[in-house]
Amino acid sequence: MSLWVVGHSRVGPADLAAFSLPPAWRKATRNMVLAAVAARTALGPLGRVLGAGTDELGLIVQTRSGELETSAEFLKNWTESKLARPLLFQNSLHNATAGFLSIEFQLRGPAFTVSTSSEDAVVLAKSLLAGGICRGCLILSVEVHKRMADLIHQTDVDEGAAAILLLTEDFARQNGVPRLADLEDLPASAEPLVSAGSPLVRFSGDLLSRWSLELGARA
Amino acid sequence: MSRSSARRVFISGTGAVSCLGEGVEALWSRSERGDSGLRGGLGAVPGAGAAGDPALEFARRSLNEALRGAGWSGLGPHDGFILATTTGQIRQWDHSYYELLRGRLPVSDFRRDFLNQPLGHVLDLLRAELGHTGPSHVLSSACSAGTQAVALGAMWVQSGLVKRCLVGGVEVLCDLTLEGFRSLQLLSPEMSRPFDIARRGINLSEGAAFLCLESSCAKPLAAVSGWGFSSDAHHMTGPQPEGDGSFRALHQALVTASLAPSDISWIHCHGTGSQQNDSTESAALNRLFEGRSPAASSTKAIHGHALGASGALESVLVAEALRRQISLGTAGLETVDPAIAIPIAREARSASLAHVLKNTLGFGGNNAALVLSRADA
């Protein structure tokens, strides 16, 4: 089965500086906003044909720390004032970002939240596509833990989001979406970019971030 | 791919730790008798307070039972390992965080405990103990994660990506989920009453369950025949009321199993006892079976809702049901809500079980379903 990469994006904190939040995103966490900005760009090539949404796209959100900041805020409120805020709780779940994205972009296919690496997220996407579970996958890595990281004096972690839109060849052709690259032609690892110490890849979405950099360079 | 041509995926070993006690036998026998392990509306694992790292302990004990049952000495480089959880090792750091906020714990001590924060950490520890170097994932898709883990493991075995796969889930009771669900007014102070007209909410529980999956074994317990997934894209915590999303996951499970609705002998529901879940699930199943649903059950009033581990725990129960040819009842049920459109089984009984649907619905509108089958069906 030929898998085409048809969209990609990479978003860092600087990209949000001038970003104006849509009203529907006012209650979104930082994870959700980073992820949604990345997803919107990556979905761009298919967005025009998504219409009212689709059952045929899978969504895989990969994050090691998940909604850590929100969880910490919930626990802080609880321990200091015995106040449990339901909005904080619902946003603290590890798959809250996936839920937010599925609602925002009306993605009604399979949705997985993976808590290891972006390499694993790609393996999962390939499994779903090979198994005929869906005809495309938005694979997205997101990491936000700056405050907690600073709290414990970790300085070598960054935050950001990176996304790849992967379609089966026939689904892409059916919807007139051009190919940016064949998945198998992309590097299997984020090295040597990680070794080079690029600040753009200092989060668990290294692989997707590297792919987005490469695809951007090819354009 | 037709059933006849697809590589079959068998369950060769299972393990469980729950509020019903240690092991699959305790989980099954009390579920069959309707003997609930809930106390004060919660399902705590007996003796869990003494465990230094309950998540790791629960997982270790249950996976070792599964490995022994399957006759596996460990996991090789061609085996897979998929873990489901929503809270991971949160109990290793949440109270440390409180102490830090109160100025009673040095940052260095908190940092030591905080290293357990990533949900993948418990998998890392287990893999290190097993010497596992093959493919692995941690799935954290809320209440559907365990079901997703079983399905993904079956997909990996069927496709030949791995030779065998250990799949399971682990969950611990903690302030985040207890107070969080309470803030959403979803907790029941008493034993839950799935599908009952007077149902008041869910009972949270903790525990772990694992299943060993492989394509050939001498004494399979059951088989994983089909799987389906979907998203409601509706609301962060409430299911889409008409059950469209759940229907699509259930339907896909039948399609991947190459089965018709009439092939299903029994349904093991998500059946949490919340107003919305039970109504939505009933609507989805009624639509799938076009008004001719087989009997359905929920066992959550016995063992509680173990969140990310629930799909794995309940798949272990269904595998036992298939092996023993006994369908389980629905403890806590007194009067079926007239709005529930499917027949609900009250008591356990001997049954001719060939294929069983296992359904889950999760926060974030995440739905997952499995078809589990008798090994020779």
- Set B:SER225, B:SER216, B:SER258, B:SER282: member being over 18 Å from B:CYS143 (Cβ atoms) and either away from chain A (no Cβ under 14 Å) or acidic (Asp, Glu) (or both): B:SER216
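Check B:GLN158, B:GLN148 and return the single one that is at the interface with another protein chain (Cβ under 9 Å from one of its Cβ atoms), on the phi < 0 side of the Ramachandran plot, crowded, with 24+ Cβ neighbours inside 10 Å and outside any strand (DSSP E or B).
B:GLN148 is the lone residue from the list that is at the interface with another protein chain (Cβ under 9 Å from one of its Cβ atoms), on the phi < 0 side of the Ramachandran plot, crowded, with 24+ Cβ neighbours inside 10 Å and outside any strand (DSSP E or B).
Name the residues in the stretch B:342-364 that are at pLDDT 95 or above and small (Gly, Ala, Ser), would you?
We begin by selecting, within the stretch B:342-364, every residue at pLDDT 95 or above; these are B:342-361.
Correct list: B:ALA345, B:ALA348, B:SER350, B:ALA351, B:SER352, B:ALA354.
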- Out of the residues in the stretch A:50-75 that are within 21 Å of A:HIS94 (Cβ to Cβ) and without any contact (Cβ under 8 Å) to a residue 24 or more places away in the chain, state the one that is farthest from the other protein chains (Cβ to nearest Cβ). A:GLU73
- Just checking, which of A:SER20, A:SER9 is more than 19 Å from B:HIS235 (Cα to Cα), assigned to a loop (DSSP other than H, G, I, E, B) and not hydrophobic (A, V, I, L, M, F, W, C)? A:SER20
- Query: Since A:ALA39 meets every condition but one in (1) at the interface with chain B (Cβ under 10 Å from one of its Cβ atoms); (2) crowded, with 24+ Cβ neighbours inside 10 Å, which condition does it not meet?
  - Reply: (1)
- Name the residue, out of B:SER136, B:SER141, that is touching a strand residue (DSSP E or B) at 6+ places or on another chain (Cβ under 9 Å), within 11 Å of chain A (Cβ to nearest Cβ), over 23 Å from B:HIS305 (Cβ atoms) and crowded, with 22+ Cβ neighbours inside 10 Å. B:SER136
- Exception for B:LEU184 within (1) crowded, with 22+ Cβ neighbours inside 10 Å; (2) within 14 Å of chain A (Cβ to nearest Cβ); (3) touching a Ser or Thr at 6+ places or on another chain (Cβ under 7 Å) falls at (1)
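Just need a number here: residues in the stretch A:76-112 that are on the phi > 0 side of the Ramachandran plot and more than 7 Å from chain B (Cβ to nearest Cβ).
Kept after step one, since they are on the phi > 0 side of the Ramachandran plot, are these residues of the stretch A:76-112: A:82, A:106.
From the residues that got through so far, the ones that are more than 7 Å from chain B (Cβ to nearest Cβ) too are A:82.
Selection size over the stretch A:76-112: 1.
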- Test: residue in the stretch A:31-53 that is assigned to a strand (DSSP E or B) and in contact with a helix residue (DSSP H, G or I) (Cβ under 9 Å, 6 or more places away or on another chain): no
- Task: Examine the stretch B:100-120 for a residue that is surrounded by fewer than 16 Cβ atoms within 10 Å (Cβ to Cβ), under 30 Å from A:VAL123 (Cβ atoms) and either within 11 Å of chain A (Cβ to nearest Cβ) or at pLDDT 90 or above (or both), and state whether such a residue exists.
- Result: yes
- Message: Looking only at the stretch B:237-254, filter to residues that are within 9 Å of chain A (Cβ to nearest Cβ) and assigned to a helix (DSSP H, G or I); which one of those is surrounded by the most Cβ atoms within 10 Å (Cβ to Cβ)?
- Response: B:ALA249
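The values are calculated or read from the model by the stated rules, or taken from the named source; none is laboratory data. Because the structure is a prediction, the values reported are computed rather than measured. Using ideal geometry, Cβ is built from the backbone for each residue, glycine included, and neighbour counts are taken over all protein chains shown.
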